[in-house]
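This report concerns only the one structure given below.
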Amino acid sequence: MNDSPKAVSRDLPPHAQLIEMGMAFFVSGILHAAARLSLADHLAAGPMSAAELAGPTGTHGPTLHRLMRALAGLGLLTERDGRRFALTPLGEALQTGAPGSARSTLLSFCGPWFWRGWQELVYSVQTGKTGFDNAFGMPVFEYLSKHAGEASLFSEAMVGIHGAEPAAVAAAYDFSGFKSVVDVGGATGNLLAAVLSSQPGLRGVLFDLPHVVVDAPALLTARGVAERVTIKSGSFFETVPEGGDAYLMSHVIHDWNDDQCLAILGHCRKALKPDGRLLLIEMVLPAGDTPHPGKILDMVMLVFPGGMERTEAEYASLLQKAGFRLNRVVPTRTAVSVIEAVPD
């Protein structure tokens, strides 16, 4: 969700533009099926026909051919002689473990649990309540804590969706004045790893729920920063680790309503040194009709965790209530900004 939503052709009449927008979920379903069947993994060794893939994928050969033909039309595959299909560079990105985590992202956000929650958008707009809770009878993060496989995919999806942000944040904001950074709600440490990589002398603390940080050691080791990170688990609604020069939260505050945010920010305020910095990595909504991916993401926040995207003025007001002063907003080359706050 770093880039603006793909615009439909402005050459179409208004009714056709609306229909094209509405039917975008057709493509979502096709991509999810390809990811679920691991087609890119099966084709990694070379071209194969649907008949050859039917057994390994547990599918009906003639019908699989139709799916692969559709994927070719979308640019993921290319059809060769003998009704055999090969991966294109776009299709290669759907392989397990490929840079950008596209497969995990599609499995997570185009999968059944996400769609079931998303169907409650009208309920959320009518009531102001969380649609996911209405569909599943529990909050989304509680659901993920009870479904380890979905939780791991979700963590990988976050890396995929926000893939360009860590490097952009590390480049846009000067972390050189800090000795230690506490990443609150930092999941598997993707952002923290980028920050530490940009500052060799910096140390970090990664803090998140136990079932979330379980996947962190592998990522931190792969990024070469594991020796400079202390992993701690817990709930930021109860406490946060003390001792950091800066407290970093990326896409955390947008998950929650104001009262919940004040609880989280209150713990950070207590833990923060008098001369420390609070750094929120969020999409700051522009005013008026200006297109921005955060305006779409705001609807996702409404339906799933019950949070919201905010304007600069709304962040300033929220921070003031928590004992902070918004010092500045540092834009990055992506859709997110670094919201810097200091104790008030």
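The values are calculated or read from the model by the stated rules, or taken from the named source; none is laboratory data. What you see is a predicted model; the values in this text were computed from it and never measured. When we count neighbours, we look across all protein chains shown, and the Cβ atoms used for this are built from the backbone with ideal geometry, even at glycine. Heavy atoms of the whole protein, side chains included, go into the accessibility calculation; ligands, DNA and RNA do not. Shrake-Rupley method; radii C 1.70, N 1.55, O 1.52, S 1.80 Å.
Data for the structure
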| quantity | calculated |
| --- | --- |
| Computed over region 59-214: relative contact order in percent, which uses C-alpha pairs under 8 Å that are six or more apart | 15 percent |
| Per residue, in Å², the accessible surface of region 185-261 once ligands and nucleic acids are set aside, probe 1.4 Å | 41 Å² |
| Charge dipole magnitude, Cβ of K and R +1, D and E -1 - region 96-187, Cα centre, debye nearest 20 | 120 debye |
| Equivalent-ellipsoid semi-axes of region 202-279, from the Cα gyration tensor, Å, largest first | 22, 16, 10 |
| Where trypsin sites (Lys or Arg not before Pro) fall in DSSP loop in region 111-157, at most 15 other Cβ within 10 Å | 129, 146 |
| Where 247, 143 fall by accessible area, highest first, once all protein chains stay in place (1.4 Å) | 143, 247 |
| Cα-centre dipole for region 1-154 with unit charges at Cβ (Lys and Arg positive, Asp and Glu negative), debye to 20 | 220 debye |
| Relative contact order computed over region 201-311 (Cα-Cα under 8 Å; 6+ residues apart), in percent | 25 percent |
| Surface share of carbon and sulfur [accessible, 1.4 angstrom probe, percent] for region 43-113 | 57 percent |
| For residue 88, distant residues with modelled amide H under 5 Å away | 77, 78 |
| Local electrostatic count, residue 120, Cβ distance below 11 Å [Lys/Arg +1, Asp/Glu -1] | +1 |
| DSSP bridge orientation in the chain - percent antiparallel, rounded to nearest 5 | 45 percent |
| Leading residue at positive end of dipole, the chain (Cβ point charges), from 216, 233, 286 | 216 |
| Neighbourhood charge, 11 Å Cβ-Cβ cut-off, centred on residue 131 and excluding it, Lys, Arg +1 and Asp, Glu -1 | 0 |
| DSSP-assigned coil residues among trypsin sites (Lys or Arg not before Pro) in region 283-344, each with at most 13 further Cβ atoms within 10 Å | 333 |
| Sequence of 344, 258 from largest to smallest accessible area, 1.4 Å probe | 344, 258 |
| q = 0.09, 0.11, 0.14 Å⁻¹: log10 I(q)/I(0) that the Debye formula gives for the chain, counting C-alpha atoms only | -0.55, -0.80, -1.21 |
| Neighbour cut-off at most 14 other Cβ (10 Å), DSSP loop, trypsin sites (Lys or Arg not before Pro), region 1-91 | 6, 10 |
| Test item: Cα-centred dipole of the chain, Lys/Arg +1 and Asp/Glu -1 on Cβ, debye | 440 debye |
| Amide H contacts under 5 Å for residue 327, placed H, 5+ residues apart | 340, 341, 342 |
| Distance between region 258-315 and region 135-176 - C-alpha centres, whole angstrom | 15 Å |
| For the chain: lysine pairs under 25 Å (alpha-carbon distance), excluding those fewer than 8 apart on one chain | 13 |
